[in-house]
Amino acid sequence: QKEVEQNSGPLSVPEGAIASLNCTYSDRGSQSFFWYRQYSGKSPELIMSIYSNGDKEDGRFTAQLNKASQYVSLLIRDSQPSDSATYLCAVRGDMRFGAGTRLTVKP
Amino acid sequence: GAVVSQHPSRVICKSGTSVKIECRSLDFQATTMFWYRQFPKQSLMLMATSNEGSKATYEQGVEKDKFLINHASLTLSTLTVTSAHPEDSSFYICSARPTGGLAYEQYFGPGTRLTVT
């Protein structure tokens, strides 16, 4: 079983819709979780970090963590074409990345 | 603040030669740096963790004699791909963890695209 699993997608949503990205992890002892955005040919940039169960909101982005179910999700509200990228879920300080989900927001 | 640079950004080399990639933290000190490799349409794979003044820790399956890592100062780590082959062609990304910063804090460099012909 992979340490971090994501729906590989691709995921396509219309502009203005909510994009939902999901990630599950295997290490029940994990305490920190991160969502990165990566544009093609570029290095990842941190969008959100979450450490406690529940929701964490930052602008149009909301991270949700459920440690009992071992999943973390990222919601993007009012999706914009500029949100089109690959989103990577990472777990723990040593940054084990999921495979990434490619998101396309269509105008 | 918290800028990490990599040099070169792109490099093309012939099979059998060696290539050195530099990773620098420009405005902070980094005791720990990480090296990742990313193949097209795949995720980042951690290759090794580099600690200043000590030997790097390599992930399982990564050949330490092929991918030489030197973290000689608090702002510089280098990755040398020795005897490069076409299958080593990839996007190499480093990240740096600030000394004394949060345990899970790290900043990524812009990446180096290596093509071996």
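Rolling a 1.4 Å probe over the protein heavy atoms gives the range B:30-93 an accessible area of 47 Å² per residue.
Summarise the partner chain shielding of B:30-42 as one whole number: the mean count of Cβ atoms from other chains within 10 Å of each residue's Cβ.
Values: counts 0, 0, 2, 0, 2, 0, 4, 0, 5, 0, 1, 6, 3.
Taking all residues of B:30-42 together, the mean is 2.
Here the peptides B:27-35, B:54-62, A:43-51 are ranked by packing, the mean other Cβ count within 10 Å, and the order with the highest first is B:27-35, A:43-51, B:54-62.
Phi angles across the range B:3-12 convert, under the Karplus curve 6.51 cos²θ - 1.76 cosθ + 1.60 with θ = phi - 60°, into 3J(HN,Hα) values of 9, 10, 10, 10, 9, x, 7, 9, 8, 10 Hz, Gly and Pro given as x. Evaluating 6.51 cos²θ - 1.76 cosθ + 1.60 at θ = phi - 60° for every residue in the range B:34-40, the Karplus couplings come out as 10, 10, 10, 10, 9, 8, x Hz, glycine and proline recorded as x.
Compute for chains A and B the buried accessible surface, both sides summed, probe 1.4 Å, and express it in Å² to the nearest 100.
Numbers: alone 5690 and 6500 Å², together 10890 Å².
That pair hides around 1300 Å² of surface in total.
Listed by chain and number, the aspartates and glutamates whose alpha-carbon sits under 18 Å from that of B:K64, ignoring those within fewer than 8 places in the same chain, are B:E22, B:E52, B:E87, B:D88. Taking Cβ separations below 4.7 Å as the criterion for a possible disulfide partner, the isolated cysteines in the protein assembly as shown are B:C13.
With respect to the cross-link table entries B:K14/B:K66; B:K20/B:K66; A:K42/B:K55; A:K42/B:K41, which display a Cα-Cα separation exceeding 20 Å? Let's see the in-between values first.
Details: B:K14/B:K66 16 Å; B:K20/B:K66 12 Å; A:K42/B:K55 28 Å; A:K42/B:K41 12 Å.
Checking Cα-Cα distances, A:K42/B:K55 exceed 20 Å.
About its Cα centre, chain B has a charge dipole of approximately 260 debye under the convention of +1 per Lys or Arg Cβ and -1 per Asp or Glu Cβ, with nothing else charged.
Measuring between their Cα centroids, the range A:30-58 and the range B:1-77 lie 22 Å from each other. For B:A30, the amide hydrogen comes within under 5 Å of the amide hydrogens of B:T75, B:T99, counting only partners 5 or more places away or on other chains and with H modelled in the peptide plane. Residues of the range A:50-96 buried by at least 10 Å² of accessible area upon assembly of all protein chains, compared with the chain on its own (1.4 Å probe): A:Y51, A:L88, A:G93, A:D94, A:M95, A:R96. Residues of the range B:95-117 that lose at least 30 Å² of accessible area (1.4 Å probe, protein heavy atoms only) when the other protein chains are present, relative to their chain alone, are B:Y104, B:Q106, B:F108. Evaluating 6.51 cos²θ - 1.76 cosθ + 1.60 at θ = phi - 60° for every residue in the range B:69-76, the Karplus couplings come out as 10, 10, 10, 7, 9, 6, 10, 9 Hz, glycine and proline recorded as x. By accessible area, using a 1.4 Å probe on protein heavy atoms only, the protein assembly as shown has 49% of its surface on carbon and sulfur.
Computed FRET efficiency, Cβ-Cβ of B:D27 and A:R60, R0 25 Å: what is it to the nearest 0.05? Don't jump to the answer; show the numbers that get you there.
On the way: r = 29 Å, r/R0 = 1.16.
The computed FRET efficiency comes out at 0.30.
Dipole magnitude of the range A:22-107 about its Cα centre, charges +1 at Lys/Arg Cβ and -1 at Asp/Glu Cβ only, in debye to the nearest 20?
Working: 11 positive and 8 negative charges, 37 e Å.
The calculated dipole for the range A:22-107 is roughly 180 debye.
Taking only protein heavy atoms and a 1.4 Å probe, what accessible area per residue, in Å², does the range A:2-42 have with all protein chains in place? About 53 Å² of surface per residue is accessible. Per-residue mean of foreign Cβ neighbours for A:31-42 is 2 (Cβ atoms of other chains, 10 Å radius).
The values are calculated or read from the model by the stated rules, or taken from the named source; none is laboratory data. Every value quoted in this text rests on a predicted model; they were computed, and no experiment measured them. Cβ coordinates were reconstructed from backbone atoms using ideal geometry, including for glycine residues, and neighbour counts include every protein chain displayed. Note: accessible area is taken over every heavy atom of the protein model, side chains too, but ligands, DNA and RNA are not part of it. Shrake-Rupley method; radii C 1.70, N 1.55, O 1.52, S 1.80 Å.
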